[in-house]
Structures are given as structure tokens and as C-alpha cells.
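The values are calculated or read from the model by the stated rules, or taken from the named source; none is laboratory data. Every value quoted in this text rests on a predicted model; they were computed, and no experiment measured them. Neighbour counts run over all protein chains shown; Cβ positions are idealised from the backbone, glycine included.
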Amino acid sequence: MSAAFREVVGNGVRTVRRSTLWWSVGVVGFVIVNLAFWPSLEGSDALAAFGDMDKLLEAFGAQNIATPSGYVDGQLFALLVPLLFSAMAITIVSGLTAGDENAGRLELVHALPIGRRSVWLGRWTSSMIMLALVSLIGGLATVACLPVFSLTEVSVGRIVGAVVGCALLAAFHGSVAYAVAGAGGSRGLSAGIGILVLVAGYLAAFVLPISASLSGAREWSPWYWAIGDQPVSNGVDPAWMLLVAAITLVLVVVGTQAVDHRDIHTA
């Protein structure tokens with residue numbers, strides 16, 4: 001790794017370090033608030049009443065919510081944490097690439113003795129570093145909360161797998177935004193398409209399979225590939241996760257190559 005590339009990566013990290021801090025605080029607070037209700041709900045009729053609503057709860061990844069693992073899935077890893085991580089990745093990637101380009105903040109970076117591809121790849125790398133940091137903090141917070149809130153039955157290994165799956169899914173959605181930005185899309189367009197893919201994947205993985213005739217839709221969703229239906233209860237599939245990783249790398253290559261075949265926007 002050249003010194004110029006390290007500078008590009010470092011510049012990107014410094015640009016988003018404050019927002020990353022607030023994302024970390026938000027994720028930790030979200031984890032604590034959601035898990036803190038388990039001791040008061042455990043063994044009560046409140047969760048047992050959901051037993052006849054499994055089909056509806058599937059739309060939120062909250063089946064078996066009366067069990068410790070099912071509760072952690074329903075409150076965190078089947079839906080909400082993937083949404084948070086993906087929203088962060090899309091926001092940061094689109095901001096560091098298309099956003100800074102449209103605002104003219106990349107002009108000075110492009111003046112460095114480094115290729116255009118490396119500049120953009122460095123910005124993507126910065127985004128992934130911050131995503132990894134927030135994912136690590138969120139995972140540690142979850143593991144630390146397990147004994148505090150009487151969730152010791154939940155497997156720490158499954159938590160790790162769920163966090164990695166959520167981070168990988170977020171990297172995929174961030175790379176969708178990166179590919180659009182690399183092709184010349186504005187910040188709004190790159191973020192919008194990233195969100196569109198995020199929502200479409202969620203519908204295919206959770207909502208459409210409620211209908212028996214559409215149950216196969218989940219196998220076309222990056223959500224299902226990365227985290228399955230309930231990552232803490234059922235675990236994640238490494239083979240499917242590798243598919244998400246491969247597609248993510250393809251998107252990064254497409255976005256990086258596209259930058260070399262167009263003019264850079266200036267303010």
C-alpha cells in the first residue's frame with residue numbers, strides 16, 4: 001500500500017469519524033434498549049400471545065420471539081440491525097464519493113500523485129473501515145448485554161455470525177451506492193438506488209415468502225444470503241455469505257472501472 005493511498009484512506013476516515021462516532025453511540029443504545037426488556041417479558045404471557053402470529057412475525061424475522069434466541073433475532077439481527085448497518089454504509093459511501101465529488105471536495109484529492117481509481121477505491125476502503133468499527137462495537141455491546149439481561153442461553157458464536165452477516169449485507173448495499181457513484185450518479189441517486197435495492201431485498205426475503213406460492217423469492221435476496229431468516233436462532237450459511245462477498249467485490253470493480261471512463265464533476 002503506497003503512502004498516497006494510505007493518505008486517501010486516512011483522509012476519508014477523518015472526514016467521517018464524527019458521524020461514525022454517533023452511529024456507534026446509536027447502535028449501542030439501540031442494542032441496550034431492545035435487550036433490556038427481555039427480563040420483564042421472559043416467561044410472561046406478553047410474548048406467548050404472539051405464538052399464533054408466526055406468519056405475520058415472519059415479515060419481521062421475529063418467529064419464536066418467546067425464546068431467547070428468537071427474541072434477539074426479532075429485536076436485533078433479523079431486521080433492524082441490518083437496516084441500521086446498511087443505512088450507515090449507503091450514507092457514508094455515497095457521501096465520500098458522489099457527495100464529495102459534486103461538492104468539489106475531491107478536486108484536491110485527485111491532485112495527489114495517485115491514480116483516479118485509487119482515489120475512489122481509497123474512499124470505499126475508508127467507508128468499510130468505519131463500517132467494520134461500528135459492527136465490532138455493536139457486536140461487543142450485544143455480547144456484553146447477554147449476561148446482564150438474562151440471555152446467557154444465546155450462543156456468542158451465533159451472535160458473531162449474525163454481526164458478520166449484517167456487516168457483509170451492509171457492505172453489499174454500500175457497494176451498490178459506490179457503483180452508481182462511480183458511474184457518475186449524484187449522491188441522491190447513488191443513495192436512492194442503494195436504498196431501493198435494500199428494500200427490494202427485504203421484501204423478497206421476508207414479506208413475499210409469507211405467501212406459499214412466493215416462498216422461493218427469498219433465495220434471490222441478498223438478505224437471505226447474508227443472514228438467513230433468523231441468524232441467531234438458525235445460524236448463517238458461509239457459502240451464501242461468500243456469494244454476497246463476491247457480488248460486493250464485483251460491484252466495487254465495476255464502480256472503480258467506471259470512474260476511469262468518464263469526466264470528474266467539478267464544483
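Going by the structure shown, is Tyr224 outside any loop (DSSP other than H, G, I, E, B), over 17 Å from Met88 (Cβ atoms), of a type in the set (Ser, Thr, Tyr) and modelled with pLDDT of 90 or more? Criteria met by Tyr224.
Against the conditions (1) surrounded by 23 or more Cβ atoms within 10 Å (Cβ to Cβ); (2) at pLDDT 95 or above, where does Ala245 fall short? Just the number, please. Among (1) surrounded by 23 or more Cβ atoms within 10 Å (Cβ to Cβ); (2) at pLDDT 95 or above, the lone unmet condition for Ala245 is (1).
Of the candidates Val244, Val232, Val254, Val236, the single residue that is in contact with a Gly (Cβ under 9 Å, 6 or more places away or on another chain), in a loop (DSSP other than H, G, I, E, B) and among the aliphatic types (A, V, I, L, M) is Val236.
Across the stretch 221-242, the number of residues qualifying as over 20 Å from Ile65 (Cα atoms), surrounded by 15 or more Cβ atoms within 10 Å (Cβ to Cβ), more than 15 Å from the chain's Cα centre (by Cα) and of a type outside the set (Asp, Glu) comes to 1. Summed over the stretch 85-101, the residues that are surrounded by fewer than 24 Cβ atoms within 10 Å (Cβ to Cβ) and at pLDDT 95 or above give a count of 2. Of all residues being closer than 18 Å to Leu84 by Cβ and not aliphatic (A, V, I, L, M) in the stretch 193-220, which is surrounded by the most Cβ atoms within 10 Å (Cβ to Cβ)? Just the residue, please. Out of the qualifying residues, it is Gly194. Within the stretch 250-267, the set of residues being surrounded by fewer than 13 Cβ atoms within 10 Å (Cβ to Cβ) and modelled with pLDDT of 90 or more comprises just one member, Val250.
If you take just the helices (runs of 4 or more DSSP H) that sit entirely in the stretch 84-177, which of them hold at least 2 residues that are of a type in the set (Ser, Thr, Tyr)?
Fully inside the stretch 84-177 and qualifying: 116-148.
Across the stretch 66-102, the qualifying residues are those that are of a type in the set (Val, Ile, Thr) and under 17 Å from Leu35 (Cβ atoms), and the one among them that is nearest to the chain's Cα centre (by Cα) is Val81.
If you go through the stretch 160-175 and pick out every residue that is buried (at least 24 other Cβ atoms within 10 Å of the Cβ) and more than 12 Å from the chain's Cα centre (by Cα), you end up with 0.
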